[in-house]
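Read the structure below first, then the notes.
Any read-out appearing in this document is the output of simple, stated calculations on the displayed coordinates, not a laboratory observation. As the structure is a computational prediction, the values presented were derived from the model and not from experiment. In this analysis, Cβ positions are derived from the backbone assuming ideal geometry, glycine residues included, and neighbour counts consider all displayed protein chains.
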Amino acid sequence: MMSASPDNRQPACLPSASLPKDGRRQAMLTAAPMKRIVDIFSALKKQMYLFASSTQLRLAPSCRSECTSDAYHPDVISLSRLASGSLGGGLLLTLIAIVSHTTGISVLFPPLAATCFIVSTCPHLRIARPKPVIVGHFIASICGLIGSWAGDALVPGSEYTSAIKLGVSVIFATITMQALDADHPPAAATSAIPAILPLPMQEYLLPIHMAWGATLCVMISILWNRGLFEFPTQTNDSRGKKYGVYMEKNQTRGTILCLAGFAMMCFQNIFPLIYTTGLICMLLGVISLGSNIFYASKEALSQ
């Protein structure tokens, strides 16, 4: 068997050092873009891996399992939650505007818009419960009026009067809401509006009218959310049901009074006497909700 002569052998691959100088330069120029592309794809793959490992994407349709507290988490993107939250928030504010226009009861829409967002997209938060929503807007309205009057008294006619009004109003509202365990962030905007904008109603009606709008928001959110899950949701303070909802007795009674006051206030243009009775009923409901903290403290001390 004859062996191939050295001259007839074909080298499989020449090392780069054996290539001509021009060949090595061409190979380097060709390899650099390819390496850059590979690095880019590696970085993208790493970023996609980090996203997949830290974020959960849930595409299940609307059902009770998608409305548990686990689904309302920063690392969970739920298609059902996005749909129900966005549609619910828009529907709530639309209905509030329609009822307000029909009954002639004016409200401040910017803070109520933020409330609609919270009760529809974050229903498991404590600030989405009826007491913080109703009492928060009511007490913030009073604090806004007090802060506006205080600003005019402290620095009358100054170019900084509006700034002082804003600061004092928000300070009063923040302290009072926290003291009554009714802190509701959108209500801070309710306290600020009287300091810088003209009101669509007489000043003394602002707190009751905002409680009316907040009550309507609570009523619609209960109807909207309870189609998929228990709302108000169960919390450490309200583990058992009272009158079919996870709320303490005094809070449930206060909410019922507010709902009755809301219904009677809707007769403003037809029966003014019923409207006036509704104002009183709404005030009693807010007082019942706001005083719940004192009953809770008394029960805790007795235990």
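Sort the following peptides by mean Cβ neighbour count (other Cβ atoms within 10 Å, averaged over residues), highest first: 183-192, 253-262, 155-164, 218-227. All intermediate terms of the calculation are to be shown ahead of the outcome.
Details: 183-192: 24.6, 253-262: 22.1, 155-164: 12.2, 218-227: 18.3.
Those peptides, ordered most packed to least, come out 183-192, 253-262, 218-227, 155-164.
Ignoring solvent entirely, what values of log10 I(q)/I(0) come out of the Debye formula for region 69-187 at 0.15, 0.17, 0.21, 0.22 Å⁻¹ when each Cα is a single scatterer?
For the requested q values the scattering log ratios are -0.79, -0.92, -1.12, -1.16.
Can you compute 3J(HN,Hα) from phi for each residue in region 203-208, using the Karplus curve 6.51 cos²θ - 1.76 cosθ + 1.60 with θ = phi - 60°, rounded to whole Hz and x for Gly and Pro?
Each residue of region 203-208 in turn: 4, 5, 8, 4, x, 5 Hz.
Quick one: which residues, 5+ away or cross-chain, put their amide H under 5 Å from the amide H of Ile77? H built at 1.01 Å from N.
Result for Ile77 returns Gln56, Leu57, Arg58.
Please report the spacing between the Cα centers of region 210-231 and region 179-193 in Å, no decimals.
Distance between centres, Cα-based: 18 Å.
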